[in-house]
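Inspection log for the structure reproduced underneath, given as structure tokens.
The values are calculated or read from the model by the stated rules, or taken from the named source; none is laboratory data. Keep in mind that this is a model prediction, so the values were computed, not measured. Positions of Cβ are backbone-derived with ideal geometry, glycine not excepted, and every protein chain shown enters the neighbour counts. Ligands, DNA and RNA are excluded from the accessible area calculation, which covers all protein heavy atoms including side chains. Shrake-Rupley method; radii C 1.70, N 1.55, O 1.52, S 1.80 Å.
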Number of protein chains: 2
Amino acid sequence: MYNNLIQHILKFTPLTADEIEQINQSVSIQKVKKKTFLLEAGKVCKSNYFVVKGCLRLYFVDRKLTEQITQFAIENWWITDQDSFDSRQPSQYYIQAVEDTEVIYINKDALEQLYISVPKLERYFRIIFQRVYTAWQRRTKFLYDQTDEERYRFFSEAFPGFMQRVPLYMIASYLGFTPQFLSKIRAKKV
Amino acid sequence: MYNNLIQHILKFTPLTADEIEQINQSVSIQKVKKKTFLLEAGKVCKSNYFVVKGCLRLYFVDRKLTEQITQFAIENWWITDQDSFDSRQPSQYYIQAVEDTEVIYINKDALEQLYISVPKLERYFRIIFQRVYTAWQRRTKFLYDQTDEERYRFFSEAFPGFMQRVPLYMIASYLGFTPQFLSKIRAKKV
């Protein structure tokens with residue numbers, strides 16, 4: 001039923017038929033249209049979302065009322081406001097569909113229960129967290145460390161498909177481009 | 001032998017005497033003087049460090065030759081360049097002792113082996129990664145979202161002891177203060 005998720009988990013740990021069944025019973029599937037919000041600031045982030053198809057973005061609105069995108073999730077990526085999800089406190093983030101998107105999601109209590117009943121998921125999520133933490137660490141560094149043009153070229157080469165799927169202003173927010181550089185890209189001067 | 005680490009793990013998962021023994025046989029302890037480097041850019045980050053006593057900082061040198069501190073670790077925190085540690089590629093970061101520091105450390109192969117022989121550690125490190133990821137996510141947000149003064153006040157109230165232990169210029173690097181604001185703090189105008 002939730003084949004994409006199970007296939008992804010199986011890349012990191014074997015599962016018995018019974019464990020697969022327990023996972024399937026703990027998650028739900030949802031199809032959302034482009035621009036739908038799965039999370040809005042002020043509300044508790046109740047779910048962790050696994051993208052089956054499509055693209056989600058995680059962002060907050062800074063004090064200058066500018067959207068600051070801190071993470072994207074495409075196929076086989078998880079996305080949530082980890083802080084709100086863990087603490088059950090209201091989030092300061094938004095999660096929005098960049099395209100028509102299909103997600104498999106799990107709620108906090110169901111996930112905590114699954115960690116107990118299917119301990120192999122500790123390994124799966126340990127590796128997932130390790131990767132998302134590394135991605136976050138990389139982004140932080142290259143926001144400080146590279147010019148707009150270097151970031152643009154690196155990202156274009158590393159994720160060519162992704163660059164085609166996401167509006168340029170979102171890429172610019174995620175990569176911290178100046179408006180001047182954004183104009184250069186639009187004018188095809190890069 | 002490595003009591004602080006075992007006590008910390010026991011907060012998150014029970015361990016048998018045999019599992020404790022296996023962990024003790026896989027880690028090592030090291031005392032380093034203030035300013036000692038545990039990692040330097042250009043070298044592979046071979047260890048993950050658990051601070052028993054003291055304080056470590058993780059930073060890189062940006063293209064303007066400015067030190068950018070992205071993480072601190074005090075007692076009961078882990079610190080490493082996760083990217084270099086996982087990929088075994090040369091790091092772009094430095095890990096340096098801010099005080100005379102005692103660490104328990106584990107190398108990549110030993111840790112991967114421990115995950116197999118003591119699977120309960122998957123839970124422990126899953127929770128550790130979840131927390132470090134959340135801390136990173138929070139810092140990213142408040143670097144964009146708060147004024148220098150708001151960040152200074154928040155950090156002073158949240159971690160009063162820490163503020164006393166670490167040189168102000170390091171706090172300023174971590175919290176992204178402007179030189180102007182740093183001068184205001186030094187002049188006790190905040």
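A few points about this structure:
- Contact map, the stretch B:1-17: residues that are within 11 Å of residue B:124 (Cβ to Cβ) and touching a residue at least 12 places away in the same chain (Cβ under 8 Å) paired with residues that are open to solvent by 40 Å² or more (accessible area, probe 1.4 Å) and in a loop (DSSP other than H, G, I, E, B), Cβ distance under 6 Å, separation 6+ or inter-chain. Pairs shown: B:8/B:76.
- Qualifying residue in the stretch B:80-101 (condition: touching a helix residue (DSSP H, G or I) at 6+ places or on another chain (Cβ under 6 Å) and within 18 Å of residue B:163 (Cα to Cα)): no
- All conditions but one from (1) within 18 Å of residue B:166 (Cα to Cα); (2) within 14 Å of chain A (Cβ to nearest Cβ); (3) touching a residue at least 60 places away in the same chain (Cβ under 8 Å) apply to residue B:35; the one that does not is (2).
- Wholly enclosed helices (runs of 4 or more DSSP H) of the stretch B:95-190 bearing at least 1 residues crowded, with 17+ Cβ neighbours inside 10 Å: B:108-117, B:120-145, B:148-158, B:168-175, B:179-186
- Residue B:151 vs. criteria within 29 Å of residue B:48 (Cβ to Cβ) and touching a Gly at 6+ places or on another chain (Cβ under 8 Å): yes
- Checking B:113, B:130, B:96 one by one, the residue that is under 15 Å from the mean Cα position of the chain (by Cα), more than 13 Å from chain A (Cβ to nearest Cβ) and not hydrophobic (A, V, I, L, M, F, W, C) is B:96 and no other.
- Residue pairs whose Cβ atoms lie under 9 Å apart, sitting 6 or more positions apart in sequence or on different chains, and linking a residue in the stretch A:42-63 that is within 14 Å of chain B (Cβ to nearest Cβ) and within 18 Å of residue A:170 (Cβ to Cβ) to a partner that is surrounded by fewer than 14 Cβ atoms within 10 Å (Cβ to Cβ) and at pLDDT below 95, do not occur here.
- Taking every residue in the stretch A:135-148 that is more than 8 Å from chain B (Cβ to nearest Cβ) and pairing it with any residue that is surrounded by fewer than 17 Cβ atoms within 10 Å (Cβ to Cβ) and modelled with pLDDT of 80 or more, at least 6 positions away or on another chain, the pairs with Cβ-Cβ distances below 7 Å are A:148/A:178.
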